[in-house]
1. Greater than 29 Å separation of Cα atoms is the criterion. Which listed pairs, Lys415/Lys537; Lys381/Lys536; Lys200/Lys537; Lys402/Lys536; Lys193/Lys536; Lys86/Lys537, meet it?
2. So which GluC sites (Glu not before Pro) in the range 399-500 pass both tests, a DSSP loop state and at most 12 other Cβ atoms within 10 Å of the Cβ?
3. Measuring from label point to label point, each 7 Å out along Cα→Cβ, what is the Gln147 to Trp101 span in nm?
4. Given the options Ser358, Ala431, Gln499, identify the residue whose Cα lies farthest towards the positive end of the charge dipole of the range 320-537 (+1 on Cβ of Lys, Arg; -1 on Cβ of Asp, Glu).
5. Which of the peptides 144-156, 268-280 is most tightly packed, and how do the rest follow, judged by the mean count of other Cβ atoms within 10 Å per residue?
6. Can you compute the FRET efficiency between Arg340 and Asp441 using 1/(1 + (r/R0)^6), with r the Cβ-Cβ distance and R0 = 35 Å? Round to the nearest 0.05.
7. Please give the charge dipole size of the chain, origin at the Cα centre, charges +1 on K and R Cβ atoms and -1 on D and E Cβ atoms. Round to the nearest 20 debye.
8. Rounded to the nearest 500, what is the 222 nm mean residue ellipticity of the chain from helices alone, with -39500 (n - 2.57) per DSSP H run of 4+ residues and division by all residues?
Amino acid sequence: MKKQPRIHPAVLDAASDLQKGKFTRREFLRFATLLGTSVPMAYALAACGPDAQPGAAGPAAPAATEAGQEAAAATGAIKRGGTLRKAMQLQRLDHPARLSWIEGANVVRQVCEYLTETGPDNITRPYLLERWEANDDVTEWTLYLRQGVTFNNGDELTADDVLFTFSQWLDPEVGSSMLGLLTYLDGMESVEKVDDYTIKLHLNSPNIGVPEHLFHYPAVILHRNFEGDIVRQPVGTGAFLLEEYAEGERAVLRRREDYWRNGEDGQPLPYLDEIIYVSIDKDAAVAALQSGQVDSMYQPRPSDWQALRDVPGLSVYDASTSQCYLVRMRVDLEPWNDNRVRTALKLCQDREKILQLSYYGEGDLSIDAHVAPVHPAYAPKPIPEYDPETARSLLEEYAAEKGIELPLRVTLATKNDEAEPEIAQALKELAAPAGFDISLDITEPSGYWDRWTEVDLGITAWTHRPLATMVLPLAYIADEEGNPVPWNETRWTDEEFTQLLRQAEATLDVEARREIMSQIEDIMQERGPIGNSYWKKVWNITRSEFKNVTAHPTSYDLLYEVWKDA
């Protein structure tokens, strides 16, 4: 008889809190699944309260998304075949563990897969894993692999592949942003192979976010013999085969015939025969979508949404996110090593005006901390006012100390494919009364991403993460040797901040974590390295004949179950 999966005691406590009104139903479901409770059992506990037991009656778990429900309802009507053509910039691809932009990950994720998957509903589920379990203090996580999953070269996925992939993430020479997420592991000695299908993670400090970390976009599982270049060696467990990848031109992916998952019609996924990504800029993508040359485009800008939202034959899907455009300052370089200058620039943000000018108001105003309202433990704070007078006083004090004259001349670098040029121009004008003279260095995306961690002042587009405790270790801490982690583009570290972050990562109770997060937000606002005017809404705009399409808050292309009604 198969052993029933263990329910973490904190989940039962949370079920009790749900009945008392301390949790929303969505917060409970998310919390329960993160601690290894299956989605059906989480729904049963949500319905039946703290006394529900494994096997107890309860409502069946609904489909993960409305699109999923549509697909389920359409069983028998699903059509196979067809090509989806999508406009998206194609930059250099090599080692997936080094991915630092979503576009490349969208290509790779069709070929390689993740241990977990966080859906459009922000709930994380097992994927290549069958399930996971955490011990009571979340310092030990046991990962149970699905059996019978095969790579496209015919080899079976085993724990050896997972251990190899972890070794790549944890190797500083590889340069993966996973290294910043997995600071709770003491290298590969913390990753134990229990048997061919079971891996145990021994954490040096408690962390609640392990399942979601495993869906960070560079976290695809690699074959144990991977040599470092996914274009030359496109071996993965995914539903498509990479037939062609030409940087700056196009990528062609074709259906794999022996994929391990079945669709609603009982046959192996995917439904589509082919995906073609065409590398063109956003203006050309809008024209191509209007004329029918492409079927979708990556991350439409607000102006694109305005131009396309009422076009016949196109469907628009949206999602609220923690995506943002950070004005980030390198604190190891003058003048940004002085907090007065950093604070002065933050005070030059008229957030409402910047949101309107750059994003048609389609977002949520933000404080200057990388913690969003969609994060479960977000602590609401007043939105700072535009205050050029106080900013100028700070700059005058700095200039007098340094023996220099205002205006303070600085260069702001960014890319031109989203809302960054409008934000940069607005900030340039808004900061002038404070005593900043900002020159703009705006390039094509590759011209920024090639140096994004090196410029002293920039606007960097950061994608969505479902937990604040997931994004903060990526960008604002140091490694064990005291060096900023690979994605710490500002070089800012703060001992008090790091201590509080570690506490938050170990705190299961959402309200207790919110109190810690409130202190983290204050530190970032008072002495942190970023300004942030707003959190973005994102859209997926696709031709209406394609069904089961969703808008993912991270702009991920989850295409295996998309089908074409034509």
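1. Distance filter (> 29 Å) returns Lys200/Lys537; Lys402/Lys536; Lys193/Lys536.
2. Working: sites: Glu401, Glu405, Glu418, Glu422, Glu429, Glu454, Glu480, Glu481, Glu489, Glu495, Glu496; in loops: Glu405, Glu418, Glu454, Glu480, Glu481, Glu489.
Qualifying residues, ordered by number: Glu405, Glu454, Glu480, Glu481.
3. Those two pseudo-labels are separated by 4.3 nm.
4. Result: Ser358.
5. Peptide ranking by packing, descending: 268-280, 144-156.
6. Result of the calculation: an efficiency of 0.90.
7. Details: 55 positive and 90 negative charges, 302 e Å.
Computed about the Cα centre, the dipole is about 1440 debye.
8. -8500 deg cm²/dmol
Quick note: the coordinates plus some simple rules give every number you see, no bench work behind them. The structure presented is a predicted model; accordingly, all values stated were derived computationally and were not measured. All Cβ positions, even for glycine, are placed from backbone atoms using ideal geometry, and neighbour counts span all protein chains on display.
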